[in-house]
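*Asks:* Next up is a structure, given as structure tokens.
The values are calculated or read from the model by the stated rules, or taken from the named source; none is laboratory data. Here the structure is a predicted model, which means the values were calculated and not measured. FYI the Cβ positions are ideal-geometry reconstructions off the backbone, even for glycines, and counts take in every protein chain you see.
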């Protein structure tokens, strides 16, 4: 379905003719609300969740999960009030109040949300978790049931197509109505008028609307971190509504004026609002113009009609006004709005329109018109329906923008080449401008002309989220511009009529340390520019735009080459621009890390997973090294941020020696980019393929971040233990140097391109990590172990060093302009052939048939495929042994292609008919549906298949789900809810009344917020000492203790402690039941010496947290292989005590965390007492 265009229908679509009794009744633990319009819903009186939604007797609510704000409030105070034709349900916590309003005779729930802080889930959203059977029709691109996660836990592959809840998103400015439907029923979220005013993101922000799994989830996002470019707001959100119809979409024009009479917190009626109007100019024809208003409290927008606009319903305040050309900001202004007034603001575009030599795309803040831009909103970049990303060669004058990729990826479409034939007036100093809408992992462009590079631009403003893989391009619209100057040396300009070849050779003879290029006053050492003479013309061969960080992309690239002053050169010129997203990774560890996080030991399950990952990435290590040495016991993990704000994870031994690292925010140990450190490779030098070079070359290589091909001549190549073109499965290449400092890098070219040819030039390896960098310094800083140089006849060191410099600075002067992609090409993945896929899928089908329960037949062919064939695919598919040895394939890549669409048959029916032809099964076509009617279980092929017993995807997914359920320390498993709250008492009641608060209890964070707000509102800051607060009558009563009546001010750091000290502290566990008086003691884990030197570990205080002592005892007995017991505590006989033999504090603490107990509630102590004979 596509809800981008709201369908305006009569009000009667959600107002049935026969009205029932309007009102609210109280049940056991719930309130039942009958709107009198065919809708009856229930609200839990303990949590505020909506537990039932019946429309015309159709139950729309899912039975396993409920409808609520955020992810549920846990516990809340629920009350209701009926006033005439309106019933208001109020659900209150200390920081959030949710209102549900029923209007007599209407089948809708009107909603308002008031917040003073973000919910604990970190985003504000309303989620209706609806019945999938009653409402099966949602956004097709967001229906994920039956799919396999391919990115994070939110992008899935379903029947060969990518799907995600993010692909249901619609820009705010276009999204007033969206919903899901079923037989005779439709449920819609409606955001009328200025419902988005308190949300974050602006008119072009987009967020999740729907996800179809075992439930049909309907969303309205108000605040989230999904590529948001504004800070979150608090206050009143809405009004919005959940509207029930017989199926058709309701009108977006709901009347919510009655909210003014309901007394809701934070709501501003129409009488308290104003409007803004004006004209705009400077927007070219063909572009939509939008005016947006925003400040810290609200946001609004309106579309320009002709040259004028009007924005109504604006709350009083001063706003920044922004004029957008489509989505590109082209002007700003300021406007102040007053209640009942109309402010006027005229805006004129300030966009600088340059005279261009050529331009690709339109600078409008979107990737519109570029390759795959029309698909990126509803599918993943890897989706087979996408056009091929490239690499693409774009020729100015003949290529169309639709062939230019809308996003640039490191490992996918490097490089993009732009060819341009210039006339004489276009040659000279020029400016290249690149506009990007967003980036990931700090990707930004720099200009490289062969071995000349511009200075690196500053890192782009970081957005803490994925973008293009989530279906959005919206970011900060950053503009990069670089002036490409002509070549200078020693103040002499090289003109076309000089003998450039001779001058180049002469320049090459200048010592490297004295060479420089002058670029508008900037001196860049050790660099050159590729120019050569051809028929009295100058040819500027290669211009490369590179991104500076790995895994980066720059969506919606717009490239413009601008004219400048006339240049005296004449003749024709060919320019090849190469756009690529190539990292310079060594920069990660050239400077101290920006931040390191707390290191923690990996759990046993994670150690096993890490070992499996190592064996997958480095399969040759399985039989040659001890995996327990590669990934030893006690290995720890630590997150870090580099000085460039790149995020990574470091895995170190118990002795703090760095062993492995990975880059990216993925977290967890199943990292595809797991990289060994030099410490690991010193122990296992055969772990990776190698290229060797003399030690004298290393400083140059490290300085360049790149290992040039010509740096390794025929004399210094050592035997490689496997072909370098096999580095698809192990993309990191180690360059070991005996008695020197090694480099670890990734292949910049396919290994098959390396030749034993001293004249070969270019980049071979991109440096990632080297001995001597910051990562190396985190370890023992040891020197490499004793070894010996390769048994070769190396060339003189001076010649080799000169060769390395030449590889960076030298150029081919024979006119080979085309095809020289300096920007680091990547090794392509080995893709299985259609025949290989068919053979494996046929074996999978035989295995599925061998395990098929005959009682389930007949079975629709589509069901047999999705529920039996696909889950029976091998978890690690392999090619026949001969094929695998000749040309191996990554199992992950193989699995991503292992479906019917990649076979020669393309469709399921002809594929299954091959089995029918062999007599294995029988098919029948019943009313157009193909059925698997019967199976010959005695067929020899099935008898053999039943003996295979491979590990299937279904088995792996089942085990994964079991692990998720059982692994209580996983971030996806919620910890035990432990509430510590404070109830107002006589001395503090006046403070809460003055704050306008009436909640029964408050958390410490709420007290802190209320105190800060009160102090600011009443101007109680100390006039000269900011760390003190002046006490008025209300604060004196609430904060002061007995005998302190004369105090006039107190320290800010004492405020919360004093206020809570005059309140009644209570606690409860699990979110239900009555509160108990503080303090709540943590679980105490301590060791004690018993019977001489024998040590035992005692655990007490677990009863308060609902932990079963018998379960604790049994589990510790298994884990620790020690005897355990449960008995009354000696000091407190009413409490129980679990005892386990030996010092088991770490095991006990780990088990308590797995039992969902937060770490702050575990207290570990070891007795200092000695046994017999101790001092």
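*Asks:* Restricting region 1055-1085 to residues that are touching a strand residue (DSSP E or B) at 6+ places or on another chain (Cβ under 6 Å) and in a loop (DSSP other than H, G, I, E, B), which is nearest to residue 1155 (Cα to Cα)?
*Replies:* Within region 1055-1085, the match that is nearest to residue 1155 (Cα to Cα) is 1082.
*Asks:* While we're looking at this one, here's another question. Please determine whether any residue of region 191-200 is at pLDDT 90 or above, buried (at least 23 other Cβ atoms within 10 Å of the Cβ), touching a helix residue (DSSP H, G or I) at 6+ places or on another chain (Cβ under 8 Å) and closer than 30 Å to residue 900 by Cα.
*Replies:* Checking region 191-200: not a single residue is at pLDDT 90 or above, buried (at least 23 other Cβ atoms within 10 Å of the Cβ), touching a helix residue (DSSP H, G or I) at 6+ places or on another chain (Cβ under 8 Å) and closer than 30 Å to residue 900 by Cα.
*Asks:* Also, quick follow-up: Any residue at all in region 272-286 that's part of a loop (DSSP other than H, G, I, E, B), modelled with pLDDT of 95 or more and either out of contact with any helix residue (DSSP H, G or I) (no Cβ under 8 Å at 6 or more places or on another chain) or under 24 Å from residue 189 (Cα atoms) (or both)? Break it down stepwise before answering.
*Replies:* If we filter region 272-286 for residues that are part of a loop (DSSP other than H, G, I, E, B), which is where we start, we get 273, 282-286.
With the extra rule that they be modelled with pLDDT of 95 or more, the set shrinks to 273.
Still in the list and also either out of contact with any helix residue (DSSP H, G or I) (no Cβ under 8 Å at 6 or more places or on another chain) or under 24 Å from residue 189 (Cα atoms) (or both): 273.
Yes, some residue in region 272-286 is part of a loop (DSSP other than H, G, I, E, B), modelled with pLDDT of 95 or more and either out of contact with any helix residue (DSSP H, G or I) (no Cβ under 8 Å at 6 or more places or on another chain) or under 24 Å from residue 189 (Cα atoms) (or both).
*Asks:* For residues in region 988-1008 being assigned to a helix (DSSP H, G or I) and buried (at least 18 other Cβ atoms within 10 Å of the Cβ), which is farthest from the chain's Cα centre (by Cα)? Working first, answer last.
*Replies:* Within region 988-1008, the subset assigned to a helix (DSSP H, G or I) is 989-994, 1004-1008.
Next, from what is left, pick out any that are buried (at least 18 other Cβ atoms within 10 Å of the Cβ): 991-992, 1006-1007.
Working: 991: 43, 992: 40, 1006: 30, 1007: 33 Å.
Taking the candidates together, the pick is 991.
*Asks:* Those residues that are in a helix (DSSP H, G or I) and in contact with a strand residue (DSSP E or B) (Cβ under 7 Å, 6 or more places away or on another chain), I need them from region 1141-1152; list them, please.
*Replies:* First, the residues of region 1141-1152 that are in a helix (DSSP H, G or I): 1145-1152.
Scanning region 1141-1152 gives 1145, 1148, 1149, 1152.
*Asks:* Hey, another quick one. Specify the residue that is modelled with the highest pLDDT; the eligible residues are those in region 1086-1103 that are surrounded by fewer than 17 Cβ atoms within 10 Å (Cβ to Cβ) and either assigned by TED's automatic domain parsing to the domain that holds residue 1040 or outside any strand (DSSP E or B) (or both).
*Replies:* Only one residue tops the list, namely 1103.
*Asks:* Please enumerate the residues belonging to region 181-199 that are part of a strand (DSSP E or B) and within 21 Å of residue 113 (Cβ to Cβ).
*Replies:* The answer is 187, 188, 189, 190.
*Asks:* Shifting gears a bit: Suppose the filter is modelled with pLDDT under 80, in a helix (DSSP H, G or I), exposed (fewer than 15 other Cβ atoms within 10 Å of the Cβ) and under 36 Å from the mean Cα position of the chain (by Cα); does residue 781 pass it? Can you show your working first?
*Replies:* Numbers: modelled with pLDDT under 80: yes; in a helix (DSSP H, G or I): no; exposed (fewer than 15 other Cβ atoms within 10 Å of the Cβ): yes; under 36 Å from the mean Cα position of the chain (by Cα): yes.
So residue 781 does not fit the description; no.
*Asks:* Moving to a separate point now. May I ask you to verify whether residue 205 is crowded, with 23+ Cβ neighbours inside 10 Å, farther than 20 Å from residue 54 by Cα and at pLDDT below 95?
*Replies:* Numbers: crowded, with 23+ Cβ neighbours inside 10 Å: yes; farther than 20 Å from residue 54 by Cα: yes; at pLDDT below 95: yes.
Against the criterion (crowded, with 23+ Cβ neighbours inside 10 Å, farther than 20 Å from residue 54 by Cα and at pLDDT below 95), residue 205 qualifies.
*Asks:* Restricting the search to region 1040-1072, which residues are on the phi > 0 side of the Ramachandran plot and more than 48 Å from the chain's Cα centre (by Cα)? Before the answer, list the steps.
*Replies:* As a first pass, look at region 1040-1072 and keep what is on the phi > 0 side of the Ramachandran plot: 1043, 1070-1071.
1043 - this is the single residue of region 1040-1072 that is on the phi > 0 side of the Ramachandran plot and more than 48 Å from the chain's Cα centre (by Cα).
*Asks:* With the checklist (1) in contact with a strand residue (DSSP E or B) (Cβ under 9 Å, 6 or more places away or on another chain); (2) more than 25 Å from residue 252 (Cβ to Cβ); (3) in contact (Cβ under 8 Å) with a residue 40 or more places away in the chain in hand, flag the one item residue 102 doesn't pass.
*Replies:* (2)
*Asks:* With respect to the numbered conditions (1) more than 24 Å from the chain's Cα centre (by Cα); (2) modelled with pLDDT of 65 or more; (3) under 25 Å from residue 434 (Cβ atoms), which one is the sole condition not fulfilled by residue 567?
*Replies:* Evaluating residue 567 over (1) more than 24 Å from the chain's Cα centre (by Cα); (2) modelled with pLDDT of 65 or more; (3) under 25 Å from residue 434 (Cβ atoms) leaves (2) as the failure.
*Asks:* Output the residues belonging to region 377-430 that are part of a strand (DSSP E or B), modelled with pLDDT of 85 or more and crowded, with 21+ Cβ neighbours inside 10 Å.
*Replies:* Going through region 377-430, the residues part of a strand (DSSP E or B) turn out to be 393-395, 405, 416-422, 430.
Of the ones still in play, those that are also modelled with pLDDT of 85 or more are 393-395, 405.
394, 405, listed by residue number.
*Asks:* Also: Can you say whether residue 333 is surrounded by fewer than 16 Cβ atoms within 10 Å (Cβ to Cβ), in contact with a strand residue (DSSP E or B) (Cβ under 6 Å, 6 or more places away or on another chain), over 16 Å from residue 286 (Cα atoms) and in the same structural domain as residue 303 (by TED's automatic domain parsing), as far as the supplied structure shows? Spell out how you get there, then give the answer.
*Replies:* Details: surrounded by fewer than 16 Cβ atoms within 10 Å (Cβ to Cβ): no; in contact with a strand residue (DSSP E or B) (Cβ under 6 Å, 6 or more places away or on another chain): yes; over 16 Å from residue 286 (Cα atoms): yes; in the same structural domain as residue 303 (by TED's automatic domain parsing): yes.
No.
*Asks:* Hey, another quick one. Are any of the residues in region 243-260 out of contact with any helix residue (DSSP H, G or I) (no Cβ under 9 Å at 6 or more places or on another chain), assigned to a strand (DSSP E or B) and touching a residue at least 60 places away in the same chain (Cβ under 8 Å)?
*Replies:* Checked region 243-260: no residue is out of contact with any helix residue (DSSP H, G or I) (no Cβ under 9 Å at 6 or more places or on another chain), assigned to a strand (DSSP E or B) and touching a residue at least 60 places away in the same chain (Cβ under 8 Å).
*Asks:* Right, next: Can you find, within region 1105-1125, the residue that is surrounded by the most Cβ atoms within 10 Å (Cβ to Cβ) among those that are over 41 Å from the mean Cα position of the chain (by Cα) and at pLDDT 85 or above?
*Replies:* Here the answer is 1124.
*Asks:* Return only the number of the condition from (1) under 19 Å from residue 782 (Cα atoms); (2) at pLDDT 80 or above that residue 698 does not satisfy.
*Replies:* (2)
*Asks:* Inspect all residues belonging to region 849-858 and state whether any of them is part of a loop (DSSP other than H, G, I, E, B), farther than 26 Å from residue 385 by Cβ and either outside the structural domain of residue 936 (by TED's automatic domain parsing) or modelled with pLDDT of 85 or more (or both).
*Replies:* First pass over region 849-858, keeping only residues part of a loop (DSSP other than H, G, I, E, B): 851-853, 857-858.
Next, only the ones that are farther than 26 Å from residue 385 by Cβ stay: 851-853, 857-858.
Within this subset, residues satisfying the condition of being either outside the structural domain of residue 936 (by TED's automatic domain parsing) or modelled with pLDDT of 85 or more (or both) are 851-852.
Yes, that holds for at least one residue.
*Asks:* May I pose another question? Those residues that are out of contact with any helix residue (DSSP H, G or I) (no Cβ under 7 Å at 6 or more places or on another chain) and assigned to a strand (DSSP E or B), I need them from region 231-242; list them, please.
*Replies:* To start, the set of residues in region 231-242 that are out of contact with any helix residue (DSSP H, G or I) (no Cβ under 7 Å at 6 or more places or on another chain) comprises 231-238, 240-242.
Correct list: 235, 236, 237, 238, 240, 241, 242.
*Asks:* Output the number of the condition that residue 924 fails; it satisfies all remaining conditions of (1) more than 20 Å from residue 148 (Cβ to Cβ); (2) touching a helix residue (DSSP H, G or I) at 6+ places or on another chain (Cβ under 6 Å); (3) outside any helix (DSSP H, G or I).
*Replies:* It fails just one condition, (2).
*Asks:* Now for a separate question. For region 581-599, indicate whether the set of residues that are modelled with pLDDT of 80 or more and in a helix (DSSP H, G or I) is non-empty.
*Replies:* no
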